[in-house]
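**Student:** One structure coming up, written as structure tokens, with questions to follow.
The values are calculated or read from the model by the stated rules, or taken from the named source; none is laboratory data. Everything quoted here is computed from the prediction, not taken from an experiment. As a convention, Cβ positions derive from the backbone with ideal geometry for all residues, glycine included, and neighbour counts pool all protein chains shown.
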Amino acid sequence: MKTSIFTLAFAFCSLFTVQAQKLEKSLLWEISGNGLTESSYLYGTIHMTCDATLNEDVKKALDDTKLLVLEIDLDEPSMQASMMKGLYMKDNKTIKDLVSDEEYALISQLVKDQTGMPLDAMATFKPFFITAMFYPKLLGCPVQSYEEALMKVAHEQGEEVLGLETVEEQLNVFDEIPYEDQATDLLRSAKDNLAYDKASFQKLMAFYNSQDIEGMITMMEEDKNLSTSKHQDKMLDNRNKNWISKIGEHAKTQPTFFGLGAAHLAGDNGVIRLLRLAGYTVKAAI
């Protein structure tokens, strides 16, 4: 959130054009064509930021649409319970099963320093979610959310909020990525006390603030220190492919505003290219 570019005679040329085209620096994209009677919009978010103020172009796109669709339905009453169930590793795995005693001590110290909690209290958590607990520290400011800002507008307009996937589907991704690889990320963070993570996050934020979605995806593809880069197919590509038909269904029913993590937009398997291959016109709304 898949075929056909006009005729066989132009298929190869069209495909080459879509692959080679450099995307404009924009977070807001208009979706039209392919049977749509009204435009929908695609907006790249970042899940943590210091300032989630929506600009006027985004507000207008929200005004011009009748439904807000995010990655998951953050209005779902059972969301918190579902998230809690998805935190834990399967088969009674613990962090101690994934690292040496010395490595466990390093991670334990980082967790204690950053959260004030003992690692033993979360020893059955998927390693990724322990790492995620440190993310607010990378910002250095009170955390704001673009998803919450978008939902606030949708609620004010009396519009429904839906998701392209369930909480369970999103969290299951972290069962598909080997726990050992997730633990490697966590250990790297412990070894340098988040120094690498802070530098990487600042670089990512610079790309985001300049609306350079191609820069964001290139950075993620080239960062070999992260298991999320190693398993980009599971983190991004497969999910993007699953979303395309759902995006089309919503857009054909009513003009819809899609708010998705900006890393999902660019790249060969990004939502923009996949929508274009599915026959939609997707252009920067700048």
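**Student:** Within the stretch 120-130, identify whether any single residue is surrounded by fewer than 18 Cβ atoms within 10 Å (Cβ to Cβ) and among the aromatic types (Phe, Trp, Tyr), and answer yes or no.
**Tutor:** Looking for residues that are surrounded by fewer than 18 Cβ atoms within 10 Å (Cβ to Cβ) and among the aromatic types (Phe, Trp, Tyr), one finds none in the stretch 120-130, hence no.
**Student:** Which pairs do you get when a residue that is more than 20 Å from residue 93 (Cα to Cα), found in the stretch 115-142, comes within reach of a residue that is polar (S, T, N, Q) and assigned to a helix (DSSP H, G or I), reach meaning Cβ atoms under 7 angstrom, with the pair 6+ apart or on two chains?
**Tutor:** Partner pairs satisfying both residue conditions: 134/114; 134/189; 137/114.
**Student:** Could I ask something else about it? Quickly run through the stretch 92-113 and pick out the residues that are within 15 Å of residue 182 (Cβ to Cβ), acidic (Asp, Glu) and out of contact with any Leu (no Cβ under 9 Å at 6 or more places or on another chain). Reasoning before the result, please.
**Tutor:** Filtering the stretch 92-113 for residues within 15 Å of residue 182 (Cβ to Cβ) gives 93-99, 103-104, 107, 110-111.
Adding the requirement that they be acidic (Asp, Glu) leaves 97, 103.
Within the stretch 92-113, 97 is the sole residue that qualifies.
**Student:** Are any residues in the stretch 21-48 aliphatic (A, V, I, L, M) and more than 22 Å from residue 151 (Cβ to Cβ), and if so, which ones?
**Tutor:** Of the residues in the stretch 21-48, the ones aliphatic (A, V, I, L, M) are 23, 27-28, 31, 36, 42, 46, 48.
Scanning the stretch 21-48 gives 23, 36.
**Student:** Report yes if residue 166 is farther than 23 Å from residue 243 by Cβ and either among the small types (Gly, Ala, Ser) or out of contact with any Pro (no Cβ under 7 Å at 6 or more places or on another chain) (or both), otherwise no.
**Tutor:** Answer is no for this residue.
**Student:** For the stretch 11-48: of the residues being in a loop (DSSP other than H, G, I, E, B) and under 15 Å from residue 208 (Cα atoms), which is modelled with the lowest pLDDT? Break it down stepwise before answering.
**Tutor:** The initial filter retains those residues of the stretch 11-48 that are in a loop (DSSP other than H, G, I, E, B), namely 21-27, 33-39, 46-48.
Checking which are under 15 Å from residue 208 (Cα atoms) leaves us with 23-27, 46-48.
On the way: 23: 92, 24: 93, 25: 96, 26: 97, 27: 98, 46: 92, 47: 85, 48: 89.
Filtering first and then ranking leaves 47.
**Student:** Among the numbered conditions (1) charged (D, E, K, R); (2) surrounded by fewer than 19 Cβ atoms within 10 Å (Cβ to Cβ); (3) farther than 22 Å from residue 130 by Cβ, tell me where residue 191 comes up short.
**Tutor:** (3)
**Student:** Please find, within the stretch 41-90, the residue that is nearest to residue 260 (Cα to Cα) out of those that are under 18 Å from the mean Cα position of the chain (by Cα) and aromatic (Phe, Trp, Tyr).
**Tutor:** Restricting to residues being under 18 Å from the mean Cα position of the chain (by Cα) and aromatic (Phe, Trp, Tyr), the top hit is 43.
**Student:** Turning to a different aspect of this structure: Take the residues in the stretch 96-118 that are aliphatic (A, V, I, L, M) and assigned to a helix (DSSP H, G or I); name whichever of them is surrounded by the fewest Cβ atoms within 10 Å (Cβ to Cβ). Walk me through it before giving the result.
**Tutor:** Restricting attention to the stretch 96-118, the residues satisfying the condition of being aliphatic (A, V, I, L, M) are 98-99, 105-107, 110-111, 117.
Narrowing the set further to residues that are assigned to a helix (DSSP H, G or I) leaves 105-107, 110-111.
Details: 105: 13, 106: 17, 107: 24, 110: 22, 111: 25.
The qualifying residue surrounded by the fewest Cβ atoms within 10 Å (Cβ to Cβ) is 105.
**Student:** Going through the stretch 138-165 one residue at a time, which ones are buried (at least 17 other Cβ atoms within 10 Å of the Cβ), not hydrophobic (A, V, I, L, M, F, W, C) and not in a helix (DSSP H, G or I)?
**Tutor:** Selection gives 159, 163, 165.
Every residue, every condition in (1) surrounded by 21 or more Cβ atoms within 10 Å (Cβ to Cβ); (2) part of a helix (DSSP H, G or I); (3) over 14 Å from the mean Cα position of the chain (by Cα); (4) modelled with pLDDT of 95 or more, yes or no:
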site	(1), (2), (3), (4)
197	no, yes, yes, no
200	no, yes, yes, no
211	no, no, yes, yes
220	no, yes, no, no
247	yes, yes, yes, yes
259	yes, no, no, yes
266	yes, no, no, yes
274	yes, yes, yes, yes
279	no, no, yes, yes
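**Student:** Further question on the same structure: Do the conditions hold for residue 225, that is, is it part of a helix (DSSP H, G or I) and surrounded by fewer than 17 Cβ atoms within 10 Å (Cβ to Cβ)? It would help to see each step written out before you state the result.
**Tutor:** Working: part of a helix (DSSP H, G or I): no; surrounded by fewer than 17 Cβ atoms within 10 Å (Cβ to Cβ): yes.
Against the criterion (part of a helix (DSSP H, G or I) and surrounded by fewer than 17 Cβ atoms within 10 Å (Cβ to Cβ)), residue 225 does not qualify.
**Student:** Go through the stretch 55-95 residue by residue and tally those that are at pLDDT 90 or above, in a helix (DSSP H, G or I) and exposed (fewer than 15 other Cβ atoms within 10 Å of the Cβ).
**Tutor:** 4
**Student:** While we're on this one: Taking the stretch 166-181 on its own, how many of its residues are in a helix (DSSP H, G or I) and among the hydroxyl-bearing types (Ser, Thr, Tyr)?
**Tutor:** In the first step, residues of the stretch 166-181 are kept if they are in a helix (DSSP H, G or I); the result is 167-176, 179-181.
Within this subset, residues satisfying the condition of being among the hydroxyl-bearing types (Ser, Thr, Tyr) are 179.
Number of matching residues: 1.
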